[in-house]
Amino acid sequence: MRIEIRLKPRDEGTILPFNYNYDVYTQIIQKVAINSPELARLLETTHKDYFTFSRIMVRKRELIPDKGIKILSDEVCLYISSSVVDVIKSIVEGFIENPVLQIENSTFIMDGVKVLREPKIKDGTLFSTLSPIIVRTVKLEGNRMKIWDLYPSEETFHDKLRKIMLMRFSEIEERMPEDKDFRIDVIKYKPVRIKVKDTYFRGSLMVFRYYGSKEIAKFAYENGFGEKTKYGFGMVKVIDEEEAQRSRE
């Protein structure tokens, strides 16, 4: 289940910081806690990622070096998604009761929320990321284990992604998918680095085709591809190629 939250900057000339993921994550938890404190506690303490969210979508903007993104449009959008309906329901209820989203010194007021229709996902569906996909592994350097961020150009990325998605599916769905096989063919990608609290994460914005398990595709659409999705990573959208072709014509 996916929702679109429309937000209006309270002040003219609002600047959105470059690294806002942790602020959004903590306030999503706070929204849930308003009516469902036990669920909020679970979402905050478990290692399982029950939801994901997009980057804040700003249509008209100006980049201010060392500061952030100056918002020139009247509103911005945030997408939040989860396969657990109660999670989305609690987030919506929380935003209705407290429609303020505070990111450092920038204040946004919810102007509307709607549930989005689920797209049809078929073999070869074209996806584009709404937030970077993170895939990590552990490498031994000397006598120390080091966490290593992977990129789609590395074969290890694809093997690790398959393992991550199977593990996450089994943890949240409490079963294994009937079809466990899938692959992605990356058309293009862009490495990005985002700070969450005190840690930098390296991920990839990308466009790719998905082939294989429909169960995993649906799960990934709702909960995100890759790791650390509750911190705003791994959200994708389906590109409607027929509509895109009509637009070009």
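Condition check ((1) touching an Asp or Glu at 6+ places or on another chain (Cβ under 6 Å); (2) assigned by the TED database to the domain that holds Phe219; (3) of a type outside the set (Val, Ile, Thr)) across all residues:
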{"residue": "Leu101", "(1), (2), (3)": "no, no, yes"}
{"residue": "Thr129", "(1), (2), (3)": "no, yes, no"}
{"residue": "Gly142", "(1), (2), (3)": "no, yes, yes"}
{"residue": "Ile147", "(1), (2), (3)": "no, yes, no"}
{"residue": "Tyr151", "(1), (2), (3)": "no, yes, yes"}
{"residue": "Arg168", "(1), (2), (3)": "no, yes, yes"}
{"residue": "Glu171", "(1), (2), (3)": "no, yes, yes"}
{"residue": "Lys180", "(1), (2), (3)": "no, yes, yes"}
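Inspect all residues belonging to the range 64-81 and state whether any of them is part of a loop (DSSP other than H, G, I, E, B), among the aliphatic types (A, V, I, L, M) and either open to solvent by less than 20 Å² (accessible area, probe 1.4 Å) or out of contact with any Lys or Arg (no Cβ under 6 Å at 6 or more places or on another chain) (or both).
Scanning the range 64-81, I find no residue that is part of a loop (DSSP other than H, G, I, E, B), among the aliphatic types (A, V, I, L, M) and either open to solvent by less than 20 Å² (accessible area, probe 1.4 Å) or out of contact with any Lys or Arg (no Cβ under 6 Å at 6 or more places or on another chain) (or both), so the answer is no.
Within the range 13-31, can you find the residues that are part of a helix (DSSP H, G or I), open to solvent by 20 Å² or more (accessible area, probe 1.4 Å) and aromatic (Phe, Trp, Tyr)?
Tyr22
Restricting to the range 123-151, give me the number of residues that are in a loop (DSSP other than H, G, I, E, B) and in contact with a strand residue (DSSP E or B) (Cβ under 8 Å, 6 or more places away or on another chain).
9
From the list Lys190, Lys195, Lys230, pick out the single residue that is open to solvent by 10 Å² or more (accessible area, probe 1.4 Å), charged (D, E, K, R) and without any contact (Cβ under 8 Å) to a residue 24 or more places away in the chain.
Values: Lys195 fails: without any contact (Cβ under 8 Å) to a residue 24 or more places away in the chain; Lys230 fails: without any contact (Cβ under 8 Å) to a residue 24 or more places away in the chain.
Testing whether each residue is open to solvent by 10 Å² or more (accessible area, probe 1.4 Å), charged (D, E, K, R) and without any contact (Cβ under 8 Å) to a residue 24 or more places away in the chain leaves just Lys190.
Just one of the numbered conditions (1) outside any strand (DSSP E or B); (2) open to solvent by less than 80 Å² (accessible area, probe 1.4 Å) is not true of Glu4; which one?
With respect to (1) outside any strand (DSSP E or B); (2) open to solvent by less than 80 Å² (accessible area, probe 1.4 Å), Glu4 is out only on (1).
Assuming Val92 fulfils every condition listed in (1) open to solvent by 70 Å² or more (accessible area, probe 1.4 Å); (2) over 27 Å from Asp198 (Cβ atoms); (3) of a type in the set (A, V, I, L, M) apart from one, which condition is it?
Of everything listed in (1) open to solvent by 70 Å² or more (accessible area, probe 1.4 Å); (2) over 27 Å from Asp198 (Cβ atoms); (3) of a type in the set (A, V, I, L, M), Val92 misses just condition (1).
The values are calculated or read from the model by the stated rules, or taken from the named source; none is laboratory data. Just so we're clear, the structure is a prediction, and the values are computed from it rather than from any experiment. When we count neighbours, we look across all protein chains shown, and the Cβ atoms used for this are built from the backbone with ideal geometry, even at glycine. Accessible surface areas use protein heavy atoms only, side chains included; no ligands, DNA or RNA. Shrake-Rupley method; radii C 1.70, N 1.55, O 1.52, S 1.80 Å.
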